[in-house]
Each structure stands twice: as structure tokens, then as C-alpha cells.
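Colleague: Here you go, one structure.
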């Protein structure tokens, strides 16, 4: 069965204790051929923002990303498509809260858990305040929000730093040249 997931999503792998979150489709549907061979996605549960739980039956590659899988420093990058079990299950916020707690509380003695939530009661209090599925997923998945203004500011800042770097490089090359030739 094909499914149109509503992002962000949470991933519950039966072979792993963690809850993984993805804010965008392009982050979840892209992997490398090496990782696809190493980690089989069958049996993995996905909970989307509507509270629907899907179980992956099979994941298969649909095509290369970049230039025949070459994207920057990574090779073998592919797009994936998932085939899901035919009957998805609708979850309530309480069931999802317990699924998250079951996995996270296995790590309560680890440093990252203590830095994020001091102890188990604090963890349960934070999640008890969430009334909807979206709020629960929002506690674990950071959704990038970039407006047009933020992008313009970011690009302006990059251009400004590039111009300053070029000016500095020009002054540095002039100083080196004058030192080598002894000419002012």
C-alpha cells in the first residue's frame, strides 16, 4: 500500500531503542545504497502528524540522487519508496505518549537524557502537557521554518563575508608580494 505521510513524522524501529524524527520528506526518503543494504526498513513503524501509524513492509530504491548517486562528498545516494502494510492504525495522543516514553525511559541513566529532562517525573510532566499528536511530535522534531526574509538575510550575510574575505586576501597577497620583491 502506498501512503501520503503528513510531515513531521516519528520512526519507531523494532531493532532500536530510539525514536527518530524527520521534519521533511526529503530527509526520510533519501539514503545511501550501503545503508539500505545494512539496515532493512521492513517492520519499522511510522507515526505521522495525523496520528496514523504505518508499518513498512518493504523499502525499495526509485532512483539516484545527484549525478548518478554522487552528491558532494557522498556516493551511492538514492531515493527510496516505502510499501506499507494495508491497514494503518489510528493512534490517540495517550498511546503515542506511552510509545515515546517506553523508548526514551530506557535511556534515563544516560547523560543526554539528564541534560534534556532531569528525571522521569520531569519527562512525564513535559509530555503530559501535550494534548495533540502535533504537539507530541513537535517536542521531538525541530521543524525548520525559513521565511523569505530569513533567507535574504542569510544570503546577504554570506555575500558580505565573502566580500570581506576577498578584500582580506587581496591585502594579504599585496603584503606578501611587497615582502618578496622588497617593493613598496
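Colleague: Select from the range 138-152 the residues that are in contact (Cβ under 8 Å) with a residue 12 or more places away in the chain and either outside any helix (DSSP H, G or I) or touching a helix residue (DSSP H, G or I) at 6+ places or on another chain (Cβ under 8 Å) (or both) and write down the one among them that is farthest from residue 101 (Cα to Cα).
Modeller: At the first step, the residues of the range 138-152 found to be in contact (Cβ under 8 Å) with a residue 12 or more places away in the chain are 138-144.
Those left that are additionally either outside any helix (DSSP H, G or I) or touching a helix residue (DSSP H, G or I) at 6+ places or on another chain (Cβ under 8 Å) (or both): 139-144.
On the way: 139: 12, 140: 12, 141: 15, 142: 19, 143: 21, 144: 25 Å.
The selected residue is 144.
Colleague: Given the residues 136, 152, which is the only one that is in the same structural domain as residue 21 (by TED's automatic domain parsing) and either surrounded by 10 or more Cβ atoms within 10 Å (Cβ to Cβ) or more than 30 Å from residue 64 (Cβ to Cβ) (or both)?
Modeller: Details: 152 fails: in the same structural domain as residue 21 (by TED's automatic domain parsing).
Sole residue among the options that is in the same structural domain as residue 21 (by TED's automatic domain parsing) and either surrounded by 10 or more Cβ atoms within 10 Å (Cβ to Cβ) or more than 30 Å from residue 64 (Cβ to Cβ) (or both): 136.
Colleague: Further question on the same structure: Sort out which residues of the range 58-84 are in a strand (DSSP E or B) and touching a residue at least 40 places away in the same chain (Cβ under 8 Å), and write them in order of number.
Modeller: Hits for the range 58-84 are 74, 77, 78, 79, 80, 81, 82, 83, 84.
Colleague: When you go through (1) loosely packed, with under 10 Cβ neighbours inside 10 Å; (2) closer than 26 Å to residue 48 by Cβ one by one for residue 111, which number turns out not to apply?
Modeller: Of the numbered conditions (1) loosely packed, with under 10 Cβ neighbours inside 10 Å; (2) closer than 26 Å to residue 48 by Cβ, the odd one out for residue 111 is (2).
Colleague: Shifting gears a bit: How many residues does the range 1-52 hold that are over 14 Å from residue 143 (Cα atoms), without any contact (Cβ under 8 Å) to a residue 24 or more places away in the chain and not in a loop (DSSP other than H, G, I, E, B)?
Modeller: Total meeting the criteria: 3.
Colleague: Here's something else I'd like to know. If we keep just the residues of the range 91-103 that are farther than 24 Å from residue 35 by Cβ and in contact (Cβ under 8 Å) with a residue 40 or more places away in the chain, which is surrounded by the fewest Cβ atoms within 10 Å (Cβ to Cβ)?
Modeller: To start, the set of residues in the range 91-103 that are farther than 24 Å from residue 35 by Cβ comprises 91-102.
Checking which are in contact (Cβ under 8 Å) with a residue 40 or more places away in the chain leaves us with 91-93, 96, 99-100.
Values: 91: 20, 92: 10, 93: 16, 96: 22, 99: 18, 100: 21.
Taking the candidates together, the pick is 92.
The values are calculated or read from the model by the stated rules, or taken from the named source; none is laboratory data. Quick caveat: nothing in here was measured; it's all calculated off a predicted structure. Positions of Cβ are backbone-derived with ideal geometry, glycine not excepted, and every protein chain shown enters the neighbour counts.
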